[in-house]
Amino acid sequence: MLTKTSYSCEICGKTFKDAAKCEQHEKDHPQPYAVKPLKVTAGKIYPDNLHVSFRDGDGRESVARYAFREIVQIDAQGEG
Ligand SMILES: [Zn+2]
């Protein structure tokens, strides 16, 4: 019987034979640190788009634009 060891990225699940390559891969996943709302369509309450600033484990920064799709949770405790 052969025993094989593999390593899985905790963020996306990609598997690696080499632990160091898996660790570097995990560091390459950018993490969000700031969100900037963009235009809001007249009559709507949520912005149509967001700019999200990311930084990876090596300090590289990027900004991605995300488009509004749907509300997935509303906390009713904040109302009233
Ligand atoms: Zn990954």
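Assorted remarks:
- For Ala42: the one exception among (1) within 16 Å of the ligand (Cβ to nearest atom); (2) exposed (fewer than 10 other Cβ atoms within 10 Å of the Cβ): (1)
- Some residue of segment 6-17 being away from the ligand (no atom under 15 Å from the Cβ) and out of contact with any strand residue (DSSP E or B) (no Cβ under 9 Å at 6 or more places or on another chain): no
- Of all residues in segment 45-80 being of a type in the set (S, T, N, Q) and exposed (fewer than 10 other Cβ atoms within 10 Å of the Cβ), the one that is nearest to the chain's Cα centre (by Cα): Gln73
Since every read-out is calculated from the coordinates, none of them should be taken as a lab result. Keep in mind the model is a prediction, meaning the values are calculated, not measured. Here the Cβ is made from the backbone with ideal geometry for all residues, glycine too, and neighbour counts use every protein chain on show.
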